[in-house]
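Data block below; observations after.
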Amino acid sequence: MALLEYTEKLSLAPGDMAEGDVAALRAAGWDDRAIHDATQVCAYFNYINRIADGLGVEPEDWLDAAGRQRDPG
């Protein structure tokens with residue numbers, strides 16, 4: 001849960017991130033490599049979604065509004 005809270009904050013309020021956010025992950029058992037990797041993945045998806053939004057890229061027609069695959073039936 002700590003990692004999900006961390007990535008949510010990184011996505012929604014990146015300017016509010018502080019050393020305490022990383023410390024909380026370490027206290028929850030996450031090592032520095034895992035924290036680094038999760039931060040990279042979160043940042044990448046935020047980046048690429050902003051590129052797509054900024055360029056007006058339309059979602060694939062096989063995805064629903066939540067980004068899940070539509071029922072083919």
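Scanning residues 5 or more positions from residue 17 or on other chains, none has an amide H under 5 Å from its amide H, with H placed 1.01 Å from N in the peptide plane.
Orientation-averaged projection of region 2-55 equals 3.6 nm² [convex hull of Cα atoms, one quarter of hull surface area]. Contact order, relative form, for the chain: 25 percent (alpha carbon pairs under 8 Å, 6 or more residues apart, mean separation divided by residue count). Sequence-ordered 3J(HN,Hα) estimates for region 7-20 from the Karplus curve with 6.51, -1.76 and 1.60 and θ = phi - 60° stand at 5, 5, 5, 4, 6, 9, 9, x, x, 9, 5, 8, 4, x Hz, glycine and proline given as x.
Residue-wise HN-Hα couplings along region 58-66, as the Karplus relation 6.51 cos²θ - 1.76 cosθ + 1.60 with θ = phi - 60° gives them from phi, are 7, x, 4, 6, 8, 10, 7, 4, 8 Hz; Gly and Pro carry x.
One decimal place: the segment residue 63-residue 4 gains 18.9 nm when fully extended, by the rule 0.36 nm per residue minus the C-alpha distance.
Coupling constants for region 38-43 follow from the phi torsions by the Karplus curve (6.51 cos²θ - 1.76 cosθ + 1.60, θ = phi - 60°), and in residue order they are 5, 5, 4, 5, 4, 5 Hz; glycine and proline get x.
Every number here is computed from the coordinates shown, using simple stated rules; none is lab data. Bear in mind the structure is a predicted one, so any value in this text is a computation, not a measurement.
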